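The values are calculated or read from the model by the stated rules, or taken from the named source; none is laboratory data. The shown structure was predicted, so the numbers you read here are calculated from the model rather than taken from an experiment. Using ideal geometry, Cβ is built from the backbone for each residue, glycine included, and neighbour counts are taken over all protein chains shown. Accessible surface areas use protein heavy atoms only, side chains included; no ligands, DNA or RNA. Shrake-Rupley method; radii C 1.70, N 1.55, O 1.52, S 1.80 Å.
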Amino acid sequence: MSGSTTPPASSVLDDPAELARRDPEAMLAEVAGAGGQARVALRAAQAAPLVGPLPEVVVVAGMGGSGIAGDVLAALSFHESAVPVLAVKGDRLPAFVGPGTLLVAVSYSGNTAETLSAVEQGMAAGARLVAVTSGGALAELAQSRGAPLVAVEGGRMPRAALWSLVVPVCSAAEAVGVLPPLTDQVCAAADVLDEEAAALGPEVATADNPAKQAAVALLDRLPVVWGSGQVGAVAATRFRTQCNENAKVPVVSGALPEADHNDVMGLEGGLGPGRELVLLRDEAGEHDRDGRRIQAVLAALGVADPLLRMAGKGPDLARLARLTAFADFTSTYLGIARGVDPTPIRTLDQVKAALSPRAGAPR
Ligand code: F6R
């Protein structure tokens, strides 16, 4: 890693010129702007006609960097909602979808084939549609059906628009009484995102920057990422998908305590030299016994010092923001340290283009 021609990863991550050269489409700046993005999204959601009757069930249809907004809503609803909330990632919706369903379709581009076919099925079943998108066929469809539409800011990679999507999706649930008022939570999350950008951003040297340190530790290793509580579980998924797309590496992720019952066996004998354990802990969302379970699994694996990030205090969205900021910065630094441009996702584009009725649809 530190041969005569290859600079050590930390010096790459601490060199502004090298960062600019290796991140030409400025993914780091996108990540750093997440707080502002959340505030803009809140205004867009508040301006949209989202109010409606309490549904029997909420289904969020979306894929990839958009679909995770459905996981976030399901996590937030877990302790709050009187009705089930389900994230669906695929063309088909469950058989129970009908006139009592609020169907939130989320696609940043508005052109994702799976999301569009889920919408068609939902509309045919009589579901009430809310669309969250920056445009494309989904915006056209919502407008032609007179369905509420939250038009989010365009021009980003979908995964770099997490807060543009999460805020309206959660606001759609708030507006029908599934979640309590969210404005304070969103503002708290935006403040956390700004604080994390100041703590984890490119100008903070590796010696003082936990995200850069994590990226260096994950170089040439398989990240095994576990999250605790509902919020930590979503953050673990986000960590995996962001490392996939920004750093172009495979990742194993799971939720605790479920991972204690299966994933742990894939690590029998200990982590070994080729893997690194990342723990995203949301103590506020853990069961009383989860702390002891975590100690037990670390002891069983012989891992004294996992890469640990705590969600800290505050409302659900603020704690989630603390963990997603870590995931977003770490994955981008990992891509940069590996010498891969974080932004393009050529293989994903190729697969989507091959399968989409709109060949060549935007990423
Ligand atoms: C790209 C990304 C992808 C897309 C997914 C769905 O940055 O994150 O996972 O989110 O291919 O596309 P959209 O979000 O446009 O519906």
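Data overview
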item: Selection within the stretch 52-66 - in a helix (DSSP H, G or I) and surrounded by fewer than 24 Cβ atoms within 10 Å (Cβ to Cβ); result: G64
item: Matching residues in the stretch 194-215 - criterion: being under 17 Å from the mean Cα position of the chain (by Cα), open to solvent by 10 Å² or more (accessible area, probe 1.4 Å) and either over 25 Å from R43 (Cβ atoms) or among the hydrophobic types (A, V, I, L, M, F, W, C) (or both); result: A197
item: Scope the stretch 224-258; condition assigned to a strand (DSSP E or B), open to solvent by less than 20 Å² (accessible area, probe 1.4 Å), without any contact (Cβ under 8 Å) to a residue 60 or more places away in the chain and not β-branched (V, I, T); matching residues; result: W226, G254, L256
item: Residue match in the stretch 31-51 (condition: open to solvent by 40 Å² or more (accessible area, probe 1.4 Å), of a type in the set (A, V, I, L, M, F, W, C) and within 16 Å of the ligand (Cβ to nearest atom)); result: no
item: Qualifying residue in the stretch 163-186 (condition: under 24 Å from D349 (Cβ atoms), open to solvent by 30 Å² or more (accessible area, probe 1.4 Å) and in a loop (DSSP other than H, G, I, E, B)); result: no
item: Every residue from the stretch 335-352 that is within 16 Å of the ligand (Cβ to nearest atom) and open to solvent by less than 10 Å² (accessible area, probe 1.4 Å); result: G335, P342, T343
item: Residues (assigned to a helix (DSSP H, G or I), within 11 Å of the ligand (Cβ to nearest atom) and out of contact with any Pro (no Cβ under 9 Å at 6 or more places or on another chain)) located in the stretch 96-117; result: E114, T115
item: Residues of the stretch 144-154 classified as within 12 Å of the ligand (Cβ to nearest atom) and either surrounded by fewer than 19 Cβ atoms within 10 Å (Cβ to Cβ) or more than 24 Å from A32 (Cβ to Cβ) (or both), total; result: 1
item: Enumeration of residues in the stretch 52-71 that are within 14 Å of the ligand (Cβ to nearest atom) and β-branched (V, I, T); result: V60, I68
